[in-house]
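In what follows, a structure is listed as structure tokens, so that the remarks can point back to it.
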Amino acid sequence: MLGIDYRLGALIGFFIVLAYIFIGGFVAAVWSDLFQGLLMFFGLVLLPVFAWFSMDHGAGITEGLNAIDPTLTQIMGRSTDGWMNLFTILGFSMIGLGFLGSPQVYVRFMSIKNEKEIDKGKWVATTFTLLTDAAAVTIGILARIYFTTKGQNPEAILGNNGEDVLSMITESFLPTIIVAIFIAIVLSAIMSTIDSLLILASSAITRDFYQKIFRPDIKDESLTKISRVSTVIMAFTALIIAMIMNYVSPDRQVFWVIIFGWSGIAATFCPVIILSLFWKGYSEKGAIASMISGFISVILFNFVFKEMESIGAYFIALDVLFPSFAVAMIVGVLISKKYPPKAEAIKMIEEIDANSQEK
């Protein structure tokens, strides 16, 4: 949107995020996410309204899409192959699984003040997601009508996977000062994910791994120093990977990386959370097996199954999240059946459930 080189933009964003995480830690990430979230919410919800009233409405949205391609409004999909349509519908609908498996999402509920606040947070999160997702889809539809015509390749106009839509819509319908605000909104969306994941990864290394396994007696002051060092190391590692990807595969940038990472996190952790909550027979070995199989499946489905001539097109439509999630669930159940949890572990879970019900 600014015309800045991809690598320079990555470096600028990298140092800004690293600075406020390094100085402020989790509290800084939470407060910045609050303001970033408000920007994203109002920006996404209001943009399609502005765009709609600025456009020549013509015959309407449905007729506008039909004029470009009548298959765009077919509710069961555009393909004559029923299986392809089914896989496409599943691929789009199952992306929501990622919310439950994303540590940057549920850590907010873990850090909440008390159980009563969780119910409020639930409704805030649901409302936010419904409105912003609906607005984002509407923006894409309006851009398809306004910028493309019959017979054109939409990706040639709207960018790879349509990732240029937001900049095109804002620059076409909004004054410069508002466009600047939308640039801030885009950066906010990126930064809020980066800071949350960096904080979580750093916490996992320092507290869950280093402190609990090797140094349970370590003081918080020393732990803070280790946490900051691990944050810097992981941040630079991520930056190096981003630069390598830009060199090796420049067409796979923002959108591809986000979807791939989203799928990996969801397939790795979502089955563990669901089975842990709803099945007492889920064992430690089953959880480990779920995480390993889910993570490996994302890689296999993305780089192996999608490249197969006979079935590759179906897995491109389905994407990797749903099949990887299914594999992780099945593997977790099978391993837990083979290696069930110990009796004392089940008893402890039952006691925790009983205490929760009493409260």
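The values are calculated or read from the model by the stated rules, or taken from the named source; none is laboratory data. Note that the structure is predicted; figures quoted are calculated from it, not measured. Virtual Cβ from ideal backbone geometry, glycine too; neighbours counted across all protein chains shown.
Structural remarks
- Candidate set: the stretch 240-292, residues that are surrounded by 14 or more Cβ atoms within 10 Å (Cβ to Cβ) and among the polar types (S, T, N, Q); chosen: the one modelled with the highest pLDDT: 290
- Residue among 218, 181, 226, 169 that is under 27 Å from residue 109 (Cα atoms) and in contact (Cβ under 8 Å) with a residue 12 or more places away in the chain: 226
- Among residues of the stretch 76-94, those that are free of Cβ contacts under 8 Å to residues at least 12 places away in the same chain and not in a loop (DSSP other than H, G, I, E, B), counted: 5
- Test: residue 301 is surrounded by fewer than 21 Cβ atoms within 10 Å (Cβ to Cβ) and under 21 Å from residue 258 (Cβ atoms): no
- Tally, over the stretch 296-328, of residues that are of a type in the set (Ser, Thr, Tyr) and closer than 17 Å to residue 96 by Cβ: 1
- Helices (runs of 4 or more DSSP H) completely within the stretch 101-169 that count 1 or more residues being more than 30 Å from residue 66 (Cβ to Cβ): 103-110, 115-147
- Evaluating residue 203 against the criteria (1) at pLDDT 85 or above; (2) over 19 Å from the mean Cα position of the chain (by Cα) leaves one unmet condition, (1).
- Members of the stretch 32-59 found to be more than 20 Å from the chain's Cα centre (by Cα), modelled with pLDDT of 75 or more and not small (Gly, Ala, Ser), listed by number: 46, 47, 48, 49, 50, 52, 53, 55
- From the list 133, 164, the one residue that fits, being surrounded by 14 or more Cβ atoms within 10 Å (Cβ to Cβ), in the same structural domain as residue 77 (by TED's automatic domain parsing) and within 28 Å of residue 314 (Cα to Cα), is 164.
- Residue 97 meets all of the listed conditions (1) free of Cβ contacts under 8 Å to residues at least 12 places away in the same chain; (2) buried (at least 17 other Cβ atoms within 10 Å of the Cβ) but one, namely (1).
- Residue that is within 26 Å of residue 341 (Cα to Cα) and of a type outside the set (Lys, Arg), where the choices are 275, 223: 275
- Filter result (aliphatic (A, V, I, L, M) and closer than 24 Å to residue 269 by Cβ) within the stretch 197-222: 197, 198, 199, 200, 201, 204, 205, 213
- In the set (1) within 30 Å of residue 311 (Cα to Cα); (2) under 16 Å from the mean Cα position of the chain (by Cα); (3) at pLDDT below 80; (4) among the polar types (S, T, N, Q), residue 160 fails one condition alone, (2).
- Any hit, the stretch 185-199, residues being modelled with pLDDT under 80, under 27 Å from residue 36 (Cα atoms) and over 20 Å from the mean Cα position of the chain (by Cα): no
- Taking the stretch 105-131 as the range and being among the polar types (S, T, N, Q) and touching a residue at least 24 places away in the same chain (Cβ under 8 Å) as the test, the residues that pass are 111, 129.
- Residue in the stretch 226-236 that is at pLDDT 80 or above and of a type in the set (D, E, K, R) present: yes
- Close pairs from the stretch 299-312: first assigned by TED's automatic domain parsing to the domain that holds residue 327, partner charged (D, E, K, R) and exposed (fewer than 11 other Cβ atoms within 10 Å of the Cβ), Cβ under 8 Å, at least 6 apart: none
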